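Notes follow once the structure below has been shown.
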Amino acid sequence: MHQLRRRIEAIWRLDAGRIVTALVRWTGDFQRAEDAAQDALIAALEHWPTRGVPEHPTAWLLRTARNRAIDHLRREHRGDALIGDYGREIARSHIARSTPQFNDDARHDALALLFIACHPVLSADTRCALALRTIGGFNNAALARAFLVPEATIAQRIVRGKRKLAEANIRFEKPSVAECRERLGSVREVIYLIFTEGHVASQRDDWMRPDLCHVARRMARVLAQAAADDAETQALLALIELHGARLAARMDEHGHPVLLKDQDRRKWDRGGIRRGLAALARANTLALAQDSGPDAVPGPFRLEAAIAACHATAPTFADTDWRQIAAHYATLFATTGSLAARIHEAQAAAQFDDPARVLAALDDAVNAQKLDSYVPLHAVRGDLLERCGKRAAAATAFRLAAEHSGNGAEQRLLLARARRVGAGPDSHNGSLPG
């Protein structure tokens with residue numbers, strides 16, 4: 001039963017965004033589309049354990065969601081006209097096929113849905129949360145971890161966002177060029193958060209969610225084509241391509257995490273690295289032409305892509321340009337105030353600087369109590385404490401990181417590190433997740 005539930009959840013994670021997109025295109029209503037999709041998931045959890053998984057599970061979910069939406073509309077005395085519209089829709093689309101073929105039109109529909117979710121009537125945080133839930137299939141717990149806020153706060157954002165869209169009568173239609181430009185930053189952030197959730201799953205036993213990584217990469221490619229003259233959009237594509245090129249080396253054959261220092265770089269996708277470097281070069285060329293002068297500060301995605309490029313082009317862990325990486329993170333912290341950037345700056349600086357000095361500077365810059373549940377802070381502090389020879393404190397830091405992690409594979413990695421550090425002298429193995 002547990003294995004079947006995991007299979008159902010895996011199918012749902014893969015296709016939830018496309019199912020909701022199809023329903024929104026028909027109903028024009030976020031809430032109704034998501035409610036119908038959730039009804040279909042509940043129906044699958046009820047019926048598939050006794051009746052078996054259908055031959056075409058995605059088609060079953062989509063058909064069930066469609067029927068639930070029709071039921072809701074009929075109860076509101078709106079069904080006849082929309083049912084007629086839907087009949088015309090399925091006559092010209094792939095939705096009614098036994099095995100749905102979500103083609104380029106469906107992919108662009110999903111991109112259009114992202115732009116709608118990033119409508120200016122919503123706050124910036126609500127835009128990202130709503131789009132991630134609708135397109136990425138994130139639950140409220142995963143969103144809470146992504147935004148470092150309580151789960152109840154995320155739930156309220158989702159409810160308020162859907163209500164605002166309904167009150168503003170926002171329909172499923174392609175935004176104008178000007179509207180797309182206005183919402184481009186929010187869409188970039190959403191795509192990146194989808195990728196980062198796939199890169200290290202916030203709530204799952206598995207280390208990664210490659211399905212989300214691949215979805216984000218496809219969306220980034222489509223967005224980069226649509227905004228070919230935007231430097232930060234090209235930089236986002238570069239960042240995702242460069243990180244995505246290392247996915248195959250980040251797990252061993254048993255699904256256990258492989259840290260950056262221990263990765264077999266022969267498994268890195270050289271084609272993906274070339275695509276990422278090419279996208280970064282386009283971003284730099286565009287930025288040079290558009291920036292006001294030579295002292296203009298790069299955007300955050302250009303900085304993060306430059307960091308990823310340092311890793312992707314280094315022949316070995318030891319040969320990595322850690323000073324350049326630390327400098328990029330310092331600039332990112334100075335321009336955005338991101339505490340995550342400050343933490344990663346310390347992580348990079350530890351590779352070439354005195355760990356005690358790095359730890360002291362980090363503790364001065366970051367209030368550990370306010371970020372008590374932030375896993376990377378405890379993991380990096382554990383690494384620095386170990387380098388300083390404070391093994392008991394290091395073990396405590398790794399245990400704290402494990403306690404707050406929602407990822408089973410990450411928890412096991414951190415607890416193993418805590419046991420190893422607490423066991424006595426032993427060679428340092430690095431804590432960079434890769």
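The values are calculated or read from the model by the stated rules, or taken from the named source; none is laboratory data. All of these numbers come straight from a predicted model, not from anything done at the bench. A quick note on method: Cβ atoms are made from the backbone with ideal geometry, for glycine too, and the neighbour counts reach across all protein chains shown. For the accessible areas, the whole protein counts, side chains as well, though only heavy atoms, and no ligand, DNA or RNA atoms are used. Shrake-Rupley method; radii C 1.70, N 1.55, O 1.52, S 1.80 Å.
For ALA392, indicate whether it is hydrophobic (A, V, I, L, M, F, W, C), surrounded by fewer than 17 Cβ atoms within 10 Å (Cβ to Cβ) and without any contact (Cβ under 8 Å) to a residue 40 or more places away in the chain.
Values: hydrophobic (A, V, I, L, M, F, W, C): yes; surrounded by fewer than 17 Cβ atoms within 10 Å (Cβ to Cβ): yes; without any contact (Cβ under 8 Å) to a residue 40 or more places away in the chain: yes.
For ALA392, the condition - hydrophobic (A, V, I, L, M, F, W, C), surrounded by fewer than 17 Cβ atoms within 10 Å (Cβ to Cβ) and without any contact (Cβ under 8 Å) to a residue 40 or more places away in the chain - is met.
I'd like the full set of residues that are touching a residue at least 24 places away in the same chain (Cβ under 8 Å) and outside any helix (DSSP H, G or I), limited to region 39-54.
VAL53
For region 41-55, check the following and say yes or no: at least one residue is open to solvent by less than 20 Å² (accessible area, probe 1.4 Å) and over 26 Å from ALA131 (Cβ atoms). Steps first, please.
Step one: list which residues in region 41-55 are open to solvent by less than 20 Å² (accessible area, probe 1.4 Å), which gives 43-44, 48.
Of the ones still in play, those that are also over 26 Å from ALA131 (Cβ atoms) are 48.
Yes, some residue in region 41-55 is open to solvent by less than 20 Å² (accessible area, probe 1.4 Å) and over 26 Å from ALA131 (Cβ atoms).
Would you mind telling me which numbered condition in (1) over 21 Å from GLU241 (Cα atoms); (2) open to solvent by 50 Å² or more (accessible area, probe 1.4 Å); (3) part of a loop (DSSP other than H, G, I, E, B); (4) not small (Gly, Ala, Ser) LEU400 fails?
Of the numbered conditions (1) over 21 Å from GLU241 (Cα atoms); (2) open to solvent by 50 Å² or more (accessible area, probe 1.4 Å); (3) part of a loop (DSSP other than H, G, I, E, B); (4) not small (Gly, Ala, Ser), the odd one out for LEU400 is (3).
Quick one: which of ASP252, ASP230 is open to solvent by 10 Å² or more (accessible area, probe 1.4 Å) and modelled with pLDDT of 90 or more?
On the way: ASP252 fails: modelled with pLDDT of 90 or more.
Selected residue: ASP230, the only one of ASP252, ASP230 that is open to solvent by 10 Å² or more (accessible area, probe 1.4 Å) and modelled with pLDDT of 90 or more.
Here's the yes/no breakdown for (1) within 25 Å of the chain's Cα centre (by Cα); (2) among the charged types (D, E, K, R); (3) modelled with pLDDT under 95:
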residue	(1), (2), (3)
ASP321	no, yes, no
HIS328	yes, no, no
ALA350	no, no, yes
PRO355	no, no, yes
ALA394	no, no, yes
GLY424	no, no, yes
PRO433	yes, no, yes
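So, in region 255-279, of the ones that are over 26 Å from MET219 (Cβ atoms) and part of a helix (DSSP H, G or I), which residue ends up most open to solvent (accessible area, probe 1.4 Å)?
Only one residue fits best here, namely ARG266.
Restricting attention to region 233-243, and to residues there that are open to solvent by less than 10 Å² (accessible area, probe 1.4 Å) and either under 17 Å from the mean Cα position of the chain (by Cα) or among the acidic types (Asp, Glu) (or both), which single residue is farthest from ILE191 (Cα to Cα)? Don't jump to the end; show me each part of the working.
Of all residues in region 233-243, those open to solvent by less than 10 Å² (accessible area, probe 1.4 Å) come to 233-236, 238-242.
Still in the list and also either under 17 Å from the mean Cα position of the chain (by Cα) or among the acidic types (Asp, Glu) (or both): 233, 235-236, 238-242.
Details: THR233: 10, ALA235: 12, LEU236: 9, ALA238: 13, LEU239: 11, ILE240: 9, GLU241: 13, LEU242: 15 Å.
Per the criteria, the residue is LEU242.
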